[in-house]
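J.: What follows is a single structure, and I will ask about it in a moment.
The values are calculated or read from the model by the stated rules, or taken from the named source; none is laboratory data. This is a predicted model, so every value here is computed, not measured. All Cβ positions, even for glycine, are placed from backbone atoms using ideal geometry, and neighbour counts span all protein chains on display.
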Number of protein chains: 2
Amino acid sequence: MAQKQRIFTVHQTISGSLARRGTLELPHGPVETPAFMPVGTNATVKALYHRTVSDMGYRLILGNTYHLYLRPGIEVIKSFGGLHRFSSWDGNILTDSGGFQVFSLSRLRKVTEAGVSFQSHIDGSRHFLTPEAVVDLQCVFGSDIMMCLDVCTPYGYTYRKASEALRITTDWAKRSKEQWKTYEGESNGLLFGIVQGNFYKDLRSQSIEEIGELDFPGIALGGLSVGEPREIYSEYLAYAARQLPEEKPRYVMGIGTPEYIFEAVSQGIDLFDCVFATRTARNGALFTRHGMIQIKKARWEYDQGPVDDACTCTACTRYSRGYLRHLFKCGEILGAVLASEHNLLFLRNLMEAIHRHIESGTYERFKGAFLDAYTRGED
Amino acid sequence: MAQKQRIFTVHQTISGSLARRGTLELPHGPVETPAFMPVGTNATVKALYHRTVSDMGYRLILGNTYHLYLRPGIEVIKSFGGLHRFSSWDGNILTDSGGFQVFSLSRLRKVTEAGVSFQSHIDGSRHFLTPEAVVDLQCVFGSDIMMCLDVCTPYGYTYRKASEALRITTDWAKRSKEQWKTYEGESNGLLFGIVQGNFYKDLRSQSIEEIGELDFPGIALGGLSVGEPREIYSEYLAYAARQLPEEKPRYVMGIGTPEYIFEAVSQGIDLFDCVFATRTARNGALFTRHGMIQIKKARWEYDQGPVDDACTCTACTRYSRGYLRHLFKCGEILGAVLASEHNLLFLRNLMEAIHRHIESGTYERFKGAFLDAYTRGED
């Protein structure tokens with residue numbers, strides 16, 4: 001199995017920060033970290049050609065097991081020989097376990113020791129997934145990184161219920177690993193464990209210890225950025241991140257704004273993903289160095305300048321804010337396409353700048369300057 | 001004014017057909033005819049980057065005066081210096097007069113000698129447009145080809161009402177031309193007249209004579225393909241086309257299926273436009289050499305082949321029918337993007353083949369072979 005090989009190398013650490021530069025060796029090529037992963041829920045990064053995403057330099061995108069299991073279904077993906085061939089994406093794919101979606105999207109879900117039963121949000125059909133089945137699905141997908149099925153809990157959960165969810169999450173992680181072992185020699189995908197524990201420090205520590213003992217090739221912090229206040233996110237991120245093993249890639253699920261990315265990088269996190277960049281793009285919200293702008297606002301009606309004159313995306317090199325506003329006001333697809341490309345290139349450029357500044361030891365200074373301009377919000 | 005120059009040259013005619021190859025010299029470069037014009041209602045060919053459209057070889061697209069007048073409005077377009085700069089399209093733009101949209105989209109419309117009053121389909125606001133105002137709008141747009149405001153009538157209209165609509169159309173054409181003359185030296189755009197007359201041959205002949213006398217640089221046949229049976233379309237197309245002046249570009253508005261395009265070309269028509277290719281694409285209907293296919297159908301679920309293996313579009317060179325079906329079933333934007341690109345490239349390739357076959361005198365044979373395969377519908 002792949003975890004026997006060295007899959008992650010840290011090249012550079014810096015003083016005064018836990019930020020680190022690394023390379024993650026995956027079946028479909030190396031990924032430079034820290035890395036932001038665009039989300040491709042239905043095996044498509046919404047609104048964009050795959051080549052637009054890869055031309056930006058993204059080599060690792062995310063797919064959602066829950067969605068792909070329901071549609072097109074595992075038999076279709078199997079017949080195509082996996083997700084890469086089905087979707088014609090030649091980079092790496094990380095698939096989540098579906099745990100988060102079962103808890104946020106599906107209806108009538110019920111967790112037992114055995115697994116989770118739920119009703120599809122698409123057609124109401126009934127399904128039952130076990131940790132073993134979720135590993136099986138991801139092996140059929142041919143995912144480069146697979147995630148264990150876990151029990152996600154929201155902010156504000158009781159200690160008793162969070163503790164019970166944690167117990168099941170650890171049990172499922174063990175079963176996931178056993179199932180993954182059965183694919184030895186067949187699958188090159190790496191299985192990552194997920195830390196839960198809600199917002200209780202002893203539960204977080206317990207989860208990190210239990211997941212750590214299972215020696216997965218990588219570890220994710222789940223259940224952060226689930227509606228808690230910013231300070232709580234920061235506190236629990238810092239608390240948990242320091243306890244994670246040094247030598248393994250660390251992944252925080254579901255974060256993707258510049259503020260949260262900088263904070264995660266500062267805590268030594270290597271991977272993150274979020275729908276934020278593309279979802280808000282489709283609603284007309286665009287990243288700029290001076291904060292996000294809402295392109296639908298009347299103030300842009302006559303504006304002939306680009307969204308961000310330092311950006312090299314199609315929107316910023318060819319179209320004006322006034323024209324983009326017009327596209328959004330008319331509900332034109334091109335607006336969603338241009339905005340999605342812009343926001344993903346913005347984050348890609350941000351990650352490359354973060355790489356350079358970690359390498360030159362100037363990361364924390366860069367972070368300060370960037371966030372100062374970004375949150376001052378000239379626009 | 002531009003009509004003093006020679007703007008249209010017929011290079012080749014063939015025996016046994018009225019089909020002809022020509023070049024139309026427009027302010028933003030030459031257009032080889034017969035030419036299909038993609039529709040860009042809101043100054044965007046729906047779902048596509050402008051460069052995708054121009055890379056296919058399209059040098060003339062259509063914009064809708066009615067839509068652009070309502071949104072973003074003439075003041076915005078004026079402040080950008082016209083439609084080309086506003087939308088960043090460096091090819092030619094033909095704008096319709098808005099007549100068709102006023103009659104098909106707006107509410108509470110009322111035609112008088114003076115002009116047409118109507119309520120916006122977007123916000124219910126009240127507007128009044130005269131033939132002169134419509135020329136003014138298109139001059140501000142900087143349209144390469146402008147159309148006269150006309151009174152469109154549906155299939156099944158009475159003779160009396162069709163005759164009255166024709167009388168106003170001719171009067172408005174005269175006023176349009178007078179208004180256009182006032183832009184001499186300022187605008188390079190060409191003003192085309194529109195023939196009406198509904199489905200009454202004497203009215204059609206009368207309209208052709210009256211519009212012909214006004215000596216516009218080009219003439220359009222309006223009021224065809226407005227819901228009449230195929231045979232009636234053919235009959236009236238042939239009847240009217242033969243009476244149009246030889247030396248001028250002839251435009252049939254609102255046609256865009258291979259069957260209708262072939263028929264128009266056979267009657268010596270040089271220009272046509274239609275939303276069909278892009279509108280049906282967004283609904284999952286794709287052109288193939290063997291007829292249209294509906295990609296959402298269950299039969300494509302496991303299909304690993306391309307939509308059309310002779311096509312060089314992104315969808316056909318990179319993605320499978322099965323994956324396209326999946327995108328459409330999930331309502332993914334990429335599905336609409338890929339299908340729109342495919343359908344427009346299909347029509348562009350068709351037009352280029354038509355050009356070659358007119359040049360080599362084999363047009364009617366090509367037409368027969370193409371339509372035989374297309375209508376037999378292997379798929």
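J.: Please work out if A:S97 is outside any helix (DSSP H, G or I), outside the structural domain of A:L350 (by TED's automatic domain parsing) and surrounded by 24 or more Cβ atoms within 10 Å (Cβ to Cβ). Give the steps one after another, and end with the answer.
T.: Working: outside any helix (DSSP H, G or I): yes; outside the structural domain of A:L350 (by TED's automatic domain parsing): yes; surrounded by 24 or more Cβ atoms within 10 Å (Cβ to Cβ): yes.
Yes; evaluated as a whole, the condition is true for this residue.
J.: Let me ask something else about it. Quick one: would you say B:E301 is of a type in the set (D, E, K, R) and crowded, with 22+ Cβ neighbours inside 10 Å?
T.: In short, no.
J.: Across region A:1-59, which residue is surrounded by the fewest Cβ atoms within 10 Å (Cβ to Cβ) among those that are among the hydroxyl-bearing types (S, T, Y) and part of a helix (DSSP H, G or I)?
T.: The selected residue is A:S54.
J.: So A:Q267 ticks every box in (1) under 29 Å from A:A241 (Cα atoms); (2) crowded, with 22+ Cβ neighbours inside 10 Å; (3) away from chain B (no Cβ under 14 Å) but one. Which box is left unticked?
T.: With (1) under 29 Å from A:A241 (Cα atoms); (2) crowded, with 22+ Cβ neighbours inside 10 Å; (3) away from chain B (no Cβ under 14 Å) applied to A:Q267, the lone miss is (2).
J.: Could you check, for region A:17-38, whether at least one of its residues is aliphatic (A, V, I, L, M) and at the interface with chain B (Cβ under 10 Å from one of its Cβ atoms)? Write out each step before concluding.
T.: From region A:17-38, those aliphatic (A, V, I, L, M) are A:18-19, A:24, A:26, A:31, A:35, A:37; that's our starting set.
After this cut, where a residue has to be at the interface with chain B (Cβ under 10 Å from one of its Cβ atoms) as well, the list is none.
The answer is no; no qualifying residue exists.
J.: Something else: Return a yes/no flag: does region A:258-277 have any residue that is closer than 23 Å to B:S88 by Cβ and of a type in the set (F, W, Y). Talk me through it step by step, then tell me what you get.
T.: Going through region A:258-277, the residues closer than 23 Å to B:S88 by Cβ turn out to be none.
Scanning region A:258-277 turns up no residue that is closer than 23 Å to B:S88 by Cβ and of a type in the set (F, W, Y).
J.: Only one of these is in the same structural domain as A:G98 (by TED's automatic domain parsing) and either modelled with pLDDT of 95 or more or within 16 Å of A:L62 (Cβ to Cβ) (or both): A:P258, A:P306. Name it.
T.: A:P258
J.: Okay, moving on. Taking A:S207, is it closer than 29 Å to B:C330 by Cβ, of a type in the set (S, T, N, Q), surrounded by 23 or more Cβ atoms within 10 Å (Cβ to Cβ) and out of contact with any Cys (no Cβ under 8 Å at 6 or more places or on another chain)?
T.: On the way: closer than 29 Å to B:C330 by Cβ: no; of a type in the set (S, T, N, Q): yes; surrounded by 23 or more Cβ atoms within 10 Å (Cβ to Cβ): yes; out of contact with any Cys (no Cβ under 8 Å at 6 or more places or on another chain): yes.
Criteria not met by A:S207.
J.: Being in contact with a Cys (Cβ under 8 Å, 6 or more places away or on another chain) and farther than 16 Å from A:A133 by Cα narrows it down to one residue among A:R59, A:R71; which is it?
T.: Details: A:R59 fails: in contact with a Cys (Cβ under 8 Å, 6 or more places away or on another chain).
Exactly one of A:R59, A:R71 is in contact with a Cys (Cβ under 8 Å, 6 or more places away or on another chain) and farther than 16 Å from A:A133 by Cα, namely A:R71.
J.: Can you tell me how many residues within region A:71-94 are assigned to a helix (DSSP H, G or I), of a type in the set (A, V, I, L, M) and touching a Gly at 6+ places or on another chain (Cβ under 9 Å)? Show your work before the answer.
T.: Of all residues in region A:71-94, those assigned to a helix (DSSP H, G or I) come to A:71-80, A:83-87.
After this cut, where a residue has to be of a type in the set (A, V, I, L, M) as well, the list is A:74, A:76-77, A:83.
Checking which are touching a Gly at 6+ places or on another chain (Cβ under 9 Å) leaves us with A:76-77, A:83.
The qualifying residues number 3.
J.: In region B:228-278, which residues are without any contact (Cβ under 8 Å) to a residue 40 or more places away in the chain and assigned to a helix (DSSP H, G or I)?
T.: B:R230, B:E231, B:Y233, B:S234, B:E235, B:Y236, B:L237, B:A238, B:Y239, B:Y260, B:E263, B:F276
J.: Looking at A:R365, A:R325, A:R289, which one is in a loop (DSSP other than H, G, I, E, B), charged (D, E, K, R) and either over 30 Å from A:T9 (Cβ atoms) or not assigned by TED's automatic domain parsing to the domain that holds A:F192 (or both)? Write out each step before concluding.
T.: Values: A:R365 fails: in a loop (DSSP other than H, G, I, E, B); A:R325 fails: in a loop (DSSP other than H, G, I, E, B).
Every option except A:R289 fails the conditions.
J.: Would you be able to say whether some residue in region A:325-340 is within 14 Å of another protein chain (Cβ to nearest Cβ), surrounded by 14 or more Cβ atoms within 10 Å (Cβ to Cβ) and over 23 Å from B:L83 (Cβ atoms)?
T.: Narrowing region A:325-340 to residues within 14 Å of another protein chain (Cβ to nearest Cβ): A:325-340.
Adding the requirement that they be surrounded by 14 or more Cβ atoms within 10 Å (Cβ to Cβ) leaves A:325-330, A:332-340.
Next cut, over 23 Å from B:L83 (Cβ atoms) only: A:340.
There is at least one residue in region A:325-340 that is within 14 Å of another protein chain (Cβ to nearest Cβ), surrounded by 14 or more Cβ atoms within 10 Å (Cβ to Cβ) and over 23 Å from B:L83 (Cβ atoms).
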